[in-house]
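Written below as structure tokens is the structure these notes are about.
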Amino acid sequence: RTRRFYFDPDTTSDVSGFVRKYDPRMLVFEYAQSIILRERQVQLVRDFTAAALDDKRRSECAQMLMGEGKTTVVCPLLGFMLASDGALVTQVVPQSLLEFSRSCLRSAFAGVVRRSVLTLRFDRFTPLTPAPLYALRKAKRARAVVVTTPTALKSLVLKFLECAHLLDQSMVAKMEGGLVEGHIGRLTLLFEASSETRSRSERVAEAGGLRPSEIAEMRKEGAVAAEIVKLFQSAGVLILDEVDLILHPLRSELHWPLGRRVPLDFSTSRSGDGLRWKLPFFLIDGIFACALGRAAAEEAQGSNDAAGIVKRIAEVVNRAVETKGVQSTPHVVLLDQSWYDSELMPTLAEWAELWLRAHGAARGVADHHMRAYLTRTKGAAEAAKIIEKEAEDDSLKMINLARDWLCSLLPHVLSKINRVSYGLLSAKDVSLLESANGSRVPTSRRLLAVPFVGKDIPSQTNEFSHPDVVIGLTICTYRHEGLRRGDFRRVLRNLLEKLEQETGPVGKRPSAKRWAEFVRRCGRRVRGEAREAAAAAARRTGAQLRASVTSVGASRLAVAQPTVAKTSANTSAVNLMDGSTESLEAATSAAIEAVGSDPLQSSEASTLDGVHVSTSDVAAHVQAAAALLAASEHEVWPLQLVDLRDGDQVEELYQLMRLVPEVIEFYLDDYVFPKTAKHQGMKLSATGQELGGDLIFPRRLGFSGTPSDLLPLELGAPKFEPGTDAKVLATLTDVDVVSTRDLG
């Protein structure tokens, strides 16, 4: 006979042993779901309801193992029992469990027991209207259940604080007479204030550049946010599913930067611009050079030392793949930090020193002192004194930045997997996020690497907070994935705009030369380069042919009395040697006819324009001309002939250059980082404390399969499930499950 654990003996009855008391809501829930509640489920629900109704306790946290029905049974039952006219039950779950939890709630309340299930979505870029407030009030009256995510709840609190802060700053700016409209000299800020690319906090920081309509709208949003928070504080009951993940001290942070955006320190300096991101690009390029076979960074071009260091880095990485220090699939991923410290970091320190010396930062410092300081090994204290004495301010910044990258930032970046832990937003991802959130994706998320919550699943709103980590991960993801089509079109547009602004012959302008270098890195040539190279080679070959004449007198005689039997083929060959623009096909044919059908097998001398030359010299000239002719078949349009309106042309160039490191470096250095490598001096922050504490919800109930002690004090210590540790130990020591082997 099936036992129902919520039936208890009634000790107050005169007839003992025959009278039972029970909670009819549990019986109805069993009937509606066609299930039998387990003992652990009944015990947990009773403890939670008692804690929620007790004014002294008001909160509870318990452990419930996986598979015991937390999401499918306990959460719907708690929503059914706790929802009332005076309580608004809100279930908060991680973003990855939102759809599943909502479907479980709707399935539970779609039969005999009928309750509405509302989804609360909100983030910083969602306009806050009175509609969510009205929906929550209606849900409270109808005893509905609200399901949401931690980000949505924390965003509501931060929205209220943001509105209050910006209104206060706007009022201060107005009282100080700092409105933009009152300053003709700052008229440009007025136009920037109406731009959608600048946030309201930036415009407030620029002397209160907000319009009266925006101030009125902000007051409405602040009032709505305040009313929602008051509703939660007065009648809210919060159910936290997977409390260990929601309240994790490091994974639950939400930051809203405020104020004016200013470039990161060391973005511009006397030593050069962009050194903040050029150094990590150089360091990471040393890792990518192992697979590419060459270094792409400008500081390593033409350096034998750089080639030797890259070879040693490749050897170290290949050995680590065998010893499981790194994994090579899908790319190089750091697995062993101790291996990095002992094997890879010393070689990378030599690589970093190469960059520092190229920028004049290691002047006056010995190699062993520099490497000891960069790797924090023996002698670092002595090296620090020498460096502090010899290095200037900018040099000291470069050295310290290199040290931070080698010791902490680079191993962290190398331990992440592209498209799993981080990646770029594709055009499809951007459109899906904008349609789901109802707001435009910020520029920083469009251009920089963003966190991923799973394979090919980007986070909806989150960004990396550490600026150097963002720079490193962005460099890695562009090197792994290549440029997107929009990125490449922006590169072409930038080069074309610069080409129009530059002066001089088109082919000699800096942008045209840069484009030619990009094309050469692809193994191709710009159209016309092969012809110019052929002409130059012909001039050199002609000089060699004339110099090879054994008799100067014969040469003079031949020049003074040219034979009448010159052929048109001879004339074409001489024209090519003189650097004319005759076709390569005609020049090659002329040289062949001058020496016969098979010049490579002939050893006799020939006469070319009256000059006696060796057929082996002409054969070399024929081979060079044929090679140039073959190269001309794979030429690429010069920059001035690239048309952004020609989709086929742009697509062909995109497929050719999307993975070229030099093109990627140009895009990052010229557009991405100058536009996004900025910070704001103020930010609003929220963590799991806001949900686990009593700031928003007075009553909080949390459970998880793997709870921890890192919980807010207001939530109390977690109640671990009795017997769990014993079950684990019993399983691990059961001879039917595990086997033992003597290692001695």
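Can you tell me which lysines have their Cα less than 30 Å from the Cα of K159? Leave out same-chain residues fewer than eight positions away.
Within the straight-line limit of under 30 Å, K159 reaches these lysines: K138, K140, K174, K220, K230, K428, K675, K678, K683.
Over region 639-689, average the accessible area per residue using a 1.4 Å probe and give it in Å², no decimals. Before the final figure, lay out the partial values.
Working: 2410 Å² over 51 residues.
With all protein chains present, region 639-689 gives 47 Å² per residue.
Considering amide H positions built from the backbone, and no H for Pro or chain starts, which residues 5 or more places from G236, or on another chain, come under 5 Å of its amide H?
It is L88, by chain and number.
Full-extension gain between D646 and A216, please, as 0.36 nm times their residue separation minus the C-alpha to C-alpha distance. Each step should come with its number before you reach the end.
On the way: separation 430, 0.36 × 430 = 154.80 nm, distance 4.71 nm.
Fully extending the segment from D646 to A216 adds 150.1 nm.
Checking the table K278/K378; K278/K455; K324/K455 against a 31 Å threshold on Cα-Cα, which pairs fail?
Details: K278/K378 28 Å; K278/K455 29 Å; K324/K455 23 Å.
Going by Cα-Cα distance, every pair falls inside the 31 Å limit.
Which FRET efficiency value, to the nearest 0.05, is calculated for A164 and I457 with the Förster distance at 41 angstrom and r the Cβ-Cβ distance? Intermediate results must be reported in sequence, preceding the final value.
Details: r = 35 Å, r/R0 = 0.85.
That gives a FRET efficiency of 0.75.
How many angstrom lie between the C-alpha centres of region 476-494 and region 309-360?
27
Want the number for Y22 to R260: 0.36 nm per residue separation, take away the alpha-carbon distance, what's left? Please list the in-between numbers first.
Details: separation 238, 0.36 × 238 = 85.68 nm, distance 6.17 nm.
So the chain would gain 79.5 nm between Y22 and R260.
Calculate the length of the line joining the C-alpha centroid of region 61-123 to that of region 29-44, in whole Å.
15
Which cross-chain or sequence-distant (5 or more) residues have an amide H under 5 Å from the amide H of Q91, H modelled 1.01 Å from N in plane?
Excluding prolines and chain starts, which carry no amide H, the hits are V146, V147, T148, I239.
Once neighbouring chains are kept in place and the probe is 1.4 Å, which whole percent of the accessible area of region 1-114 is contributed by carbon and sulfur? Please report the intermediate quantities before stating the final value.
On the way: 3130 of 6170 Å².
Ligands and nucleic acids excluded, carbon and sulfur give 51 percent.
Show which lysines lie in cross-link reach of K385 when reach means a straight Cα distance below 24 angstrom and same-chain residues fewer than eight apart are skipped.
Leaving aside lysines fewer than 8 places away in the same chain, those within reach of K385 are K397.
Can you compute the modelled spin-label distance between A135 and V112, with each label point 7 Å from Cα toward Cβ, in nm?
Taking the two extended label points, one gets 3.1 nm.
Please work out the average accessible area per residue across region 296-347, using the 1.4 Å probe convention, and give it in Å².
Working: 2860 Å² over 52 residues.
Per residue, region 296-347 has 55 Å² of solvent-accessible surface.
Counting only protein heavy atoms, what percent of the accessible surface of region 289-387 is carbon or sulfur at a 1.4 Å probe?
Ligands and nucleic acids excluded, carbon and sulfur reach 50 percent.
Starting from the Cα-Cα distance between L231 and S426, subtract it from 0.36 nm times their residue separation and give me the gain in nm to one decimal.
Details: separation 195, 0.36 × 195 = 70.20 nm, distance 3.91 nm.
So the extension gain works out to 66.3 nm.
Exactly which chymotrypsin sites (Phe, Trp or Tyr not before Pro) in region 1-94 are in a DSSP loop and have at most 15 other Cβ atoms within 10 Å?
For chymotrypsin sites (Phe, Trp or Tyr not before Pro) across region 1-94 that sit outside H, G, I, E and B with at most 15 neighbouring Cβ atoms in 10 Å, the list reads F7, F18, Y22.
Using r as the Cβ-Cβ distance of V172 and A726, and R0 as 51 Å, what FRET efficiency do you calculate, to the nearest 0.05?
Values: r = 63 Å, r/R0 = 1.23.
Computed FRET efficiency for V172 and A726: 0.25.
In square angstrom, what is the accessible area per residue of region 375-486 with a 1.4 angstrom probe?
Values: 5050 Å² over 112 residues.
For region 375-486, the solvent-accessible area averages 45 Å² per residue.
First compute the accessible area of region 424-541 with a 1.4 Å probe, then give the percent of it belonging to carbon and sulfur atoms. Don't skip to the answer; put the middle values down first.
Working: 2770 of 5700 Å².
Exposed carbon and sulfur together represent 49 percent of the surface.
The values are calculated or read from the model by the stated rules, or taken from the named source; none is laboratory data. Since the model is a prediction, treat every value here as computed from it, not as a measurement. Methodologically, a virtual Cβ is constructed for each residue, glycine included, from the backbone with ideal geometry; neighbour enumeration extends over all protein chains shown. Only protein heavy atoms, including side chains, enter the accessible area calculation; ligands, DNA and RNA are left aside. Shrake-Rupley method; radii C 1.70, N 1.55, O 1.52, S 1.80 Å.
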